[in-house]
């Protein structure tokens with residue numbers, strides 16, 4: 001078989017294998033009832049109640065929250081993604097409707113800053129500790145240095161001692 | 001003893017945090033800017049509370065309007081009811097020039113009609129559906145809330161809470177001037 005025919009045969013075989021693989025590839029899975037319920041619960045937990053803003057939509061019984069729950073349930077049943085559902089509410093209410101800020105744009109600062117701050121502080125403390133250990137005085141010399149008294153100090157000690165002895 | 005660059009770094013951080021602190025206290029946490037301001041108004045379609053006359057955003061094309069969301073259960077809505085009625089009588093008599101519209105939500109037709117009668121509301125009133133479709137589409141936090149929409153269907157201002165006459169006058173005047181200037 002000529003080289004050209006060999007290559008054509010190899011290409012045909014590869015394409016046939018690819019087509020066969022695709023034919024048996026599983027179709028995109030629709031969410032099961034349990035998955036839909038989990039998605040619904042997750043979304044209403046992540047949304048803030050517009051009326052009682054300290055609560056999630058899930059925890060609030062305010063009329064608006066009930067309507068938001070209904071809306072989310074319908075959107076989940078329609079097969080909409082979590083991102084699309086949240087984007088719907090963000091477009092109407094703004095970013096604050098999400099209880100956790102997005103991890104992009106200015107919201108990224110909120111996520112990154114605490115950890116970064118801890119790393120910087122730990123790094124600074126580490127450097128200070130190392131520096132202090134380097135400059136720590138020699139322990140053998142310390143007592144000698146501490147006990148070193150100058151001649152003037154010796155004279156003063158002797159003078160004060162004589163005064164106290166005279167008082168006795 | 002800190003070195004010069006260390007000292008100024010610390011000072012810079014303290015100054016930055018202080019500025020952030022001051023900014024935070026200068027912002028009213030109750031005032032949340034609506035992302036809809038400056039954007040095209042969401043579509044809606046309703047029927048008048050008493051007559052059943054239909055009204056939609058599309059039918060308002062070219063006419064600036066004030067859209068007030070209210071409820072018979074809402075105490076602040078009672079305070080602003082006379083103001084909205086006065087606005088309708090002053091500017092809303094010519095429906096081609098300006099409209100005052102009220103949409104009640106989380107309410108019943110009977111309670112809404114009783115409220116309208118009690119406060120002498122004569123402008124166009126309607127009721128949102130039980131799912132709160134219009135309420136959610138307009139990003140409501142509660143009642144009352146008032147939107148000012150220009151002749152091109154763009155939301156120019158949103159007020160959360162009972163509206164004052166001064167706010168109505170200022171915003172309606174601006175909308176009418178913009179419409180007349182086209």
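Each value in this text was obtained by applying a stated rule to the coordinates, not by laboratory testing. All values derive from a computational prediction rather than experimental measurement. Cβ placement follows ideal geometry from the backbone for every residue including glycine, while neighbour counts extend to all protein chains displayed.
Structural remarks
- Number of residues in the stretch A:71-104 that are assigned to a helix (DSSP H, G or I), within 23 Å of residue B:158 (Cβ to Cβ) and within 10 Å of another protein chain (Cβ to nearest Cβ) equals 10.
- Residue within the stretch B:67-80 that is at positive phi, in contact (Cβ under 8 Å) with a residue 24 or more places away in the chain, surrounded by 18 or more Cβ atoms within 10 Å (Cβ to Cβ) and in contact with a helix residue (DSSP H, G or I) (Cβ under 7 Å, 6 or more places away or on another chain) present: no
- The lone exception for residue A:61 - which of (1) within 11 Å of another protein chain (Cβ to nearest Cβ); (2) closer than 20 Å to residue B:129 by Cα; (3) not in a helix (DSSP H, G or I) it fails: (1)
- Qualifying residue in the stretch B:84-101 (condition: assigned to a strand (DSSP E or B), crowded, with 19+ Cβ neighbours inside 10 Å, within 13 Å of the chain's Cα centre (by Cα) and away from chain A (no Cβ under 14 Å)): yes
- Qualifying residue in the stretch B:26-39 (condition: touching a residue at least 24 places away in the same chain (Cβ under 8 Å), part of a loop (DSSP other than H, G, I, E, B), more than 22 Å from residue B:155 (Cβ to Cβ) and within 14 Å of chain A (Cβ to nearest Cβ)): no
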